[in-house]
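Asks: So that we are looking at the same thing, I have put the structure below in structure tokens.
Since every read-out is calculated from the coordinates, none of them should be taken as a lab result. Everything quoted here is computed from the prediction, not taken from an experiment. Glycine also receives a Cβ, built like all others from the backbone with ideal geometry; neighbour counts cover every protein chain displayed.
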Amino acid sequence: MQQFELDFEGGLVERFPQFIDCIRASVYGCGRQFKAIASDLDLSPSELSRKLADQTDTHFALRRLPELLEATKDYSPIFWLVEKYCDDPEAKRRKSVARLEQMLPELQRLLKSTA
């Protein structure tokens, strides 16, 4: 069995607290026309819009997620799930260290300005 490391920009769960929020951002931000995405899913644009609005009477069916990913070519919903449920402690530590390294010059500048 081969293990692989998935590297992606984190923070999806922070930006999109709910999974449906990530899906909406994927659809509206993928660069394709909304009606083309709806057509790929055999839905009218208004029907897709209602499903993404997460109204109580209609929901986006999870079984349609693979089709949606193919239509948008945006796989951030998968990365959202990985970040939410599979992020291992070592990966979190590496992200934290990298973030601290990015912040260090700014912290040093702030410390000098207050001295």
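Asks: With volume of the Cα convex hull per residue in Å³ in mind, check [x] 97; [y] 141; [z] 168 and report the label derived from this structure.
Replies: Computed from these coordinates, volume of the Cα convex hull per residue in Å³ corresponds to label [z].
Asks: Can you give the FRET efficiency for S44 and K73, using 1/(1 + (r/R0)^6), R0 = 22 Å, r = Cβ-Cβ distance, to the nearest 0.05?
Replies: Efficiency, from the Cβ-Cβ distance: 0.55.
Asks: Fully extended, how many nm does the chain gain between L107 and R15 (0.36 nm per residue separation, minus their Cα-Cα distance)?
Replies: On the way: separation 92, 0.36 × 92 = 33.12 nm, distance 2.42 nm.
So the extension gain works out to 30.7 nm.
Asks: Sticking with this one: What full-extension length gain, to one decimal in nm, is calculated for R63 and A91 as 0.36 nm per residue of separation minus the Cα-Cα distance? Can you show the working numbers first?
Replies: Values: separation 28, 0.36 × 28 = 10.08 nm, distance 2.96 nm.
Gain in length upon complete extension: 7.1 nm.
Asks: Turning to a different aspect of this structure: Checking the cross-link filter: which lysines have an alpha carbon closer than 29 Å to that of K84, excluding same-chain neighbours under 8 positions apart?
Replies: Filter leaves K51, K73, K92, K95.
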